[in-house]
1. With respect to residue 194, determine if the residue is β-branched (Val, Ile, Thr), out of contact with any Phe, Trp or Tyr (no Cβ under 8 Å at 6 or more places or on another chain) and closer than 29 Å to residue 296 by Cα.
2. If we keep just the residues of segment 1-24 that are at pLDDT below 85 and part of a helix (DSSP H, G or I), which is surrounded by the most Cβ atoms within 10 Å (Cβ to Cβ)?
3. Given the residues 91, 124, which is the only one that is part of a loop (DSSP other than H, G, I, E, B) and either over 21 Å from residue 359 (Cα atoms) or modelled with pLDDT of 90 or more (or both)?
4. How many residues does segment 197-241 contain that are under 23 Å from residue 54 (Cα atoms), in a helix (DSSP H, G or I), over 12 Å from the mean Cα position of the chain (by Cα) and touching a residue at least 40 places away in the same chain (Cβ under 8 Å)?
5. Select from segment 405-433 the residues that are of a type outside the set (S, T, N, Q), assigned to a helix (DSSP H, G or I) and closer than 17 Å to residue 210 by Cβ and list them in ascending order.
6. Give 416, 421 a once-over and let me know the one that is farther than 30 Å from residue 105 by Cβ and either surrounded by 23 or more Cβ atoms within 10 Å (Cβ to Cβ) or free of Cβ contacts under 8 Å to residues at least 12 places away in the same chain (or both).
7. Out of curiosity, is residue 80 within 19 Å of the chain's Cα centre (by Cα), crowded, with 24+ Cβ neighbours inside 10 Å, at pLDDT below 95 and under 30 Å from residue 340 (Cβ atoms)?
8. Output the number of the condition that residue 429 fails; it satisfies all remaining conditions of (1) crowded, with 22+ Cβ neighbours inside 10 Å; (2) under 26 Å from residue 10 (Cα atoms).
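The values are calculated or read from the model by the stated rules, or taken from the named source; none is laboratory data. Because the structure is a prediction, the values reported are computed rather than measured. We place every Cβ from the backbone using ideal geometry, glycine too, and count neighbours over all the protein chains shown.
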Amino acid sequence: MKVNFKKRNTITSDLRSMSNWDMFATWIGANANNGTWYIGGVIAACGFFTSSTLLIIVGGLSYILLSLTSFMGFETGLNTMSLIRGAFGIRGSIFPSLINIIQFIGWAAVNTYIAAVSVSFILRDIFKWSINNQTMNKFGLLVGIIVMSILHLLSISLGQKSVRWIERIGIVLVTVFVMWESIIVLKTVPLSKIASWNPPIKLRLSTGTAIDILAAFNLAWVTAAADFSRFSKSKKASTVYSFLGANIGLIWFALIGLIATIATAITLNNYDPNNSDPSTIATKLGLGALALVVIMLTSTTANAVNLMAAGSAITNIFPKIKLKKALWIVTIVATFVTFIPAYFATFLEAFQIFLDSIGMFLGPEIAIFLTDYFLLRKRKYNIDEFDKKSGSYWYYHGINIIAFISWIVGVVSYFSLKQISFFEQTIGTTFISIAITSFTYYILTKIKKLN
């Protein structure tokens, strides 16, 4: 496929510096974080066997879509939100870009908040605050948010290069931490007891709900895939190593979150999904301040990816804004957003609302742009036309009406199926809504061409 690499901030072959290892480390680092641990703790409410099985199945399905999107970025040299212009139209791509900005700022805030809890625990130990001193605990949390935000500003200060180096260093720290954590947890509670543990009936999570939670978590990365694969040196790095890295990071860190949460529930004879975050569990298991520091560092590695994706989406809406400036903007905004969960009744409540919103919009969006590129356009985009008014991707006043109709169909199907007990209890609604959206978009586009 011949592509003009002079527009839309495309990355030419001489600027592609990410090796197989870099792509692998990037996606392991993206998933080896506080949010993934927390997800593992939340789905522990399904029991060990069901939860660990779902991690593999849902991760595999989700990251096939990530590999396909990565391949699009490798072939064209464009980031994901620029590529969306092909399906949604030049003006139509603004709305998906806004969603991407919001969701990745949201993920950055989630990771920052969880890491800030670690900072507050460290401060509590240093200054010997009482666990019941709510004023000082809240103060420690606010200090933690500020400290983590400063670390994030430093981490993105050099743009894409700093992200690569953060992932290289972070993966080593994460490896050491997870091995250490695993040994401590399994010494405390044998794996046989963890495997046979059953959650309280009133807190049990249905299989379908767990699938939707995991899918929403995984699909968020799909809309960032091309942002990194466009820097990769080879097709294999962009597809195979992205797929492997994302899956290993997910299974690895969510599994330790799952095991640690169940181990804590067995040790304390009490399962509370609100206390599934790594900082709380590390403290309850007596892992010390070092574990909390590493949790802070893993937040920085994951948020390097979140902030890069949000910054890239800004450059699609405002092409004149350079990526580095966009990164500073989203990092500062994410700092303010991080304070929001502090005012919810529980962090889990805020987290689940956030995940529901992601699953509702992202699945259908991904279905549309993948169907457009691979099935309808047969991997042939004319990049020259991506900025042309009245060009191939202008559609109707810059918007592809069919894409938005299909998107609405997907969102409505997601909500409608969620009300049916069968889907909630068994297979969830996310992947069904993706299939419905893809079929709708394909058929409507074919009908339009016939007319």
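1. Answer is no for this residue.
2. 15
3. Exactly one of 91, 124 is part of a loop (DSSP other than H, G, I, E, B) and either over 21 Å from residue 359 (Cα atoms) or modelled with pLDDT of 90 or more (or both), namely 91.
4. 10
5. 414, 417, 418, 422, 423, 424, 431, 432
6. 421
7. yes
8. Just one mismatch for residue 429, condition (2).
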